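Here is the structure we will look at, set down as structure tokens.
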Amino acid sequence: MAGPAAAALLELSNVTKRFGGVAALDGVTFSAAKGEILGIIGPNGAGKTTLLNCISGVYRLDGGDIRWQGASIAGMAPHRVARLGIGRTFQVVKPFQSMTVRENAAIGALFGSTEAHLPPRQAFERADEVLELVGLAHKSALPVTALTIPDRKRLEVARAVATNPRLLLLDEVMAGLNHVEIDEALEMVRAVHATGVTIVLIEHVMRVIVGVCDRAIVLHFGQVLAEGEPSKVLRDERVIEAYLGERYARQQRGG
Ligand SMILES: Nc1ncnc2c1ncn2[C@@H]1O[C@H](COP(=O)(O)OP(=O)(O)O)[C@@H](O)[C@H]1O
Ligand SMILES: [Mg+2]
């Protein structure tokens, strides 16, 4: 398991990102160790998606640094960050509508992370592998438009995994899923992790964080409010006050 002595794959130090006068991220410091599943939680607007956008090069930092295996990647363009082996999903899923599931997955492999992008035939082989991994193999010939919401999320993960990342950033891939679908999605995350991929996942569902994460970080108003073993973090008084009280109450009511 990842401890302080484990090699950090990704390190953020004092990462700050402002939009106008608002600091969406305000001095965020943490690291992700090789092989771990790190969960990031926090209320809407806490800065979680901004954090992924900063790591993946979509946004430029206003302060601080991000290091990948010890070298700074701050200011690097998204395609270069991806090529280093940092894959991601998007909170708003946008598959290529006119293509099949298999073709969409192959896109990931065609424009993947590895030095040489895969030629088309191998890209389709890779697509078949990742569709099997995420449980979509039996739907690979369908048009994307025929997919249910949970299947679209699976495809989004497949597309990211097809790029062959060493680190995978997942942005709320389980939002809107029911209990059974969440269990299936947890299996999917475990299956991807078992292939040797380090995972940072943003989720709102506490069962996901406790069920699959080695460690959790709570973001609140762009700052790290708490960090540690998931079940311990979820019992932290400040976390309960800032966030969980309201959300737990809603989950108890079945919302
Ligand atoms: N592109 C943007 N332009 C302006 N404000 C933004 C932008 N992206 C995010 N924000 C603001 O930054 C804060 C954090 O947003 P976000 O990272 O999306 O939160 P979360 O993903 O935790 O819900 C919010 O106040 C949001 O309105
Ligand atoms: Mg978000």
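The values are calculated or read from the model by the stated rules, or taken from the named source; none is laboratory data. Keep in mind the model is a prediction, meaning the values are calculated, not measured. Glycine also receives a Cβ, built like all others from the backbone with ideal geometry; neighbour counts cover every protein chain displayed. Note: accessible area is taken over every heavy atom of the protein model, side chains too, but ligands, DNA and RNA are not part of it. Shrake-Rupley method; radii C 1.70, N 1.55, O 1.52, S 1.80 Å.
The condition (being under 22 Å from the mean Cα position of the chain (by Cα), farther than 17 Å from HIS79 by Cα and free of Cβ contacts under 8 Å to residues at least 24 places away in the same chain) is satisfied by just one residue among GLU132, GLU125, GLU156: GLU132. Among the conditions (1) open to solvent by 10 Å² or more (accessible area, probe 1.4 Å); (2) at pLDDT 95 or above; (3) away from ligand 1 (no atom under 16 Å from the Cβ), ALA23 misses just one, which is (3).
Go through ALA74, ALA32, ALA23, ALA46 for me and flag whichever is under 24 Å from ALA175 (Cα atoms), in contact with a Gly (Cβ under 9 Å, 6 or more places away or on another chain) and in the same structural domain as HIS204 (by TED's automatic domain parsing). Please lay out each step first, then the result.
Numbers: ALA74 fails: under 24 Å from ALA175 (Cα atoms); ALA32 fails: in contact with a Gly (Cβ under 9 Å, 6 or more places away or on another chain); ALA23 fails: under 24 Å from ALA175 (Cα atoms).
Step by step, each of ALA74, ALA32, ALA23, ALA46 is checked, and only ALA46 is under 24 Å from ALA175 (Cα atoms), in contact with a Gly (Cβ under 9 Å, 6 or more places away or on another chain) and in the same structural domain as HIS204 (by TED's automatic domain parsing).
Out of the residues in segment 70-93 that are in a loop (DSSP other than H, G, I, E, B) and within 16 Å of ligand 1 (Cβ to nearest atom), which is least open to solvent (accessible area, probe 1.4 Å)? Walk me through how you get there before you give the answer.
Within segment 70-93, the subset in a loop (DSSP other than H, G, I, E, B) is 70, 73-77, 85, 89-93.
Filter again for within 16 Å of ligand 1 (Cβ to nearest atom), leaving 89-93.
Numbers: THR89: 0, PHE90: 96, GLN91: 82, VAL92: 101, VAL93: 43 Å².
This residue is THR89.
Using the structure shown, decide if ALA160 is in contact with a strand residue (DSSP E or B) (Cβ under 7 Å, 6 or more places away or on another chain), more than 16 Å from ILE41 (Cβ to Cβ) and not in a strand (DSSP E or B).
Values: in contact with a strand residue (DSSP E or B) (Cβ under 7 Å, 6 or more places away or on another chain): yes; more than 16 Å from ILE41 (Cβ to Cβ): yes; not in a strand (DSSP E or B): yes.
In short, yes.
In segment 171-181 there is no residue that is out of contact with any Phe, Trp or Tyr (no Cβ under 6 Å at 6 or more places or on another chain), away from ligand 2 (no atom under 16 Å from the Cβ) and under 26 Å from ARG18 (Cα atoms). Across segment 49-69, which residue is most open to solvent (accessible area, probe 1.4 Å) among those that are of a type outside the set (Val, Ile, Thr) and farther than 15 Å from SER13 by Cβ? The selected residue is ARG60. Checking each residue in segment 210-219 for being out of contact with any Leu (no Cβ under 6 Å at 6 or more places or on another chain) and either modelled with pLDDT of 95 or more or closer than 15 Å to THR49 by Cβ (or both) picks out CYS213, ASP214, ALA216, ILE217, LEU219.
The set of residues in segment 31-49 that are in contact (Cβ under 8 Å) with a residue 40 or more places away in the chain and either in a strand (DSSP E or B) or of a type in the set (Val, Ile, Thr) (or both) comprises ALA32, ALA33, ILE37, LEU38, GLY39, ILE40, ILE41, THR49.
Suppose we filter VAL189, VAL208, VAL180, VAL200 for residues that are outside any loop (DSSP other than H, G, I, E, B), more than 26 Å from VAL81 (Cα to Cα) and open to solvent by less than 10 Å² (accessible area, probe 1.4 Å); which single one remains? Talk me through it step by step, then tell me what you get.
On the way: VAL189 fails: more than 26 Å from VAL81 (Cα to Cα); VAL180 fails: open to solvent by less than 10 Å² (accessible area, probe 1.4 Å); VAL200 fails: more than 26 Å from VAL81 (Cα to Cα).
Going through VAL189, VAL208, VAL180, VAL200 in turn, the sole match is VAL208.
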